[in-house]
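See structure below.
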Amino acid sequence: MKTNKSFSKRLKVTKNGKIISRKPGFNHFNAKQSRTKQLAGKKGKNFIITNKSRSALMPFI
């Protein structure tokens with residue numbers, strides 16, 4: 001089995017096995033936002049995925 005690279009590049013796996021993803025909607029046009037909203041976009045959020053689909057896309061986690 002191979003790891004889906006496009007999927008794995010968007011996610012980060014923590015030491016305890018949690019999967020963290022980026023918040024959506026913060027790719028560009030951030031200059032008009034307030035500073036607190038800009039910094040809130042840098043923070044990751046917990047990514048919920050079922051074990052079946054996770055093992056198909058990222059089998060070596």
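Only the coordinates and a few stated rules stand behind these numbers; no lab work does. Bear in mind that the values here come from a model prediction, so they are computed numbers and not experimental data. As a convention, Cβ positions derive from the backbone with ideal geometry for all residues, glycine included, and neighbour counts pool all protein chains shown.
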| task | Enumerate the whole-percent occupancy of each 5 Å bin, from 0 to the last occupied one, for all C-alpha pair distances of the chain. | result | 4, 16, 24, 20, 13, 11, 8, 4, 1
| Which is farthest toward the positive dipole end of the chain among 11, 48, 38, measuring Cα position about the Cα centre, with Cβ charges +1 (Lys, Arg) and -1 (Asp, Glu)? | 38
